[in-house]
Ligand code: DGL
């Protein structure tokens, strides 16, 4: 059973007559979605956000579609209880494996990162590399999305299973991370890619390492930038863009809140207030 938290009274301050004041729900397995949150702060500074990190169950990228679907449904049910006006899957793995299925199941719009990322990639290059989690790479979601938009480009996808654990352990500047990044990029450099898509929201955290290994002419595409632009458009179309000052961002994780507070500080530059939630409870309540 979901138990109310200290944040509830605060967040339920908006009334159904003022849907523009309702929060946007953003979720990822862990700190990856913070790259999307940072874009929201930049592009949509008036929006109130609820950020979910399913840290007890990460990494998502080695999970089956059945597991991902279950986790995503639990999180979206919980977000529904928090009365979000829109949700962003700040997670490529969920966007690849679950978005098309769950979109029909909820009464608020749900945006994924893959289509906005694919659209941006075809505008930038012809020889497109995608680095992603094993589940996203295996799903072929990026290749399909890119080729559907533009059929005369080439796409190579590389699965990078070690990146998410290294990022979550904050081993960005560990020489081992550079070494493994070299291995993952090698086949893409061999194909002389002109564009590289971050096919996992965790990977922009590795940008100093990846940039140092790529020729300067290779363009890096961060789908976070484009999913937030799509979100802004959607809010305009629906007439629910917030014009009032936002509430402080609420952070809810399934794992250890203290650990998330620490990594949150590193990526956000302020100390987030983090609560622990059992998302599975949302479905039965
Ligand atoms: N950041 C997520 C993604 O974009 C999930 C990574 C993971 O947990 O494996 O796929």
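Every number here is computed from the coordinates shown, using simple stated rules; none is lab data. Being a predicted model, the structure only gives us computed values, none of them experimental. For neighbour counting, all protein chains shown are included, and Cβ atoms are generated from backbone atoms with ideal geometry for every residue, glycine included.
For the chain, the longest principal axis of the C-alpha atoms and the axis of helix 34-43 are separated by about 70°. Relative to the dominant Cα principal axis of the chain, helix 257-268 is inclined by about 60°.
Seen from every direction in turn and averaged, the convex hull around the alpha carbons of the chain projects onto 14.1 nm². When the chain is treated as a GNM with alpha-carbon contacts under 10 Å, the residue of 191, 217, 259 showing the greatest mean-square fluctuation is 217.
Using equal-weight Cα scatterers in the Debye expression, the normalised intensity of region 56-142 in log10 at q = 0.13, 0.20, 0.21 Å⁻¹ is -0.44, -0.94, -1.01. Comparing mean-square fluctuations of 187, 246, 175 from a GNM of the chain with C-alpha springs under 10 Å, the top value falls on 175. Could you put 151, 254, 159 in order, starting from the residue whose Cβ has the fewest other Cβ atoms within 10 Å? Ascending Cβ contact count within 10 Å gives the list 151, 159, 254.
With viscosity set to 1.567 mPa s at 4 °C, what whole-number translational diffusion coefficient in µm²/s follows for region 215-285 from Stokes-Einstein and a Kirkwood radius over Cα pairs? Answer, rounded: 82 µm²/s.
Classify region 107-233 as rounded, prolate or oblate, taking a ≥ b ≥ c as the square roots of the eigenvalues of its Cα gyration tensor: rounded when a/c is under 1.5, otherwise prolate if a/b is larger than b/c and oblate if not. The shape class here is oblate. Highest mobility in the GNM of the chain, judged by mean-square fluctuation with C-alpha springs under 10 Å and restricted to 69, 37, 213, is found for 213. Relative to the dominant Cα principal axis of the chain, helix 65-81 is inclined by about 30°.
For region 154-193, taking Cα atoms only, Rg and Dmax work out to 11.3, 34 Å respectively.
Distance distribution P(r), region 168-284, all Cα-Cα pairs, bin width 10 angstrom from 0: 10, 27, 32, 23, 8, 0 percent.
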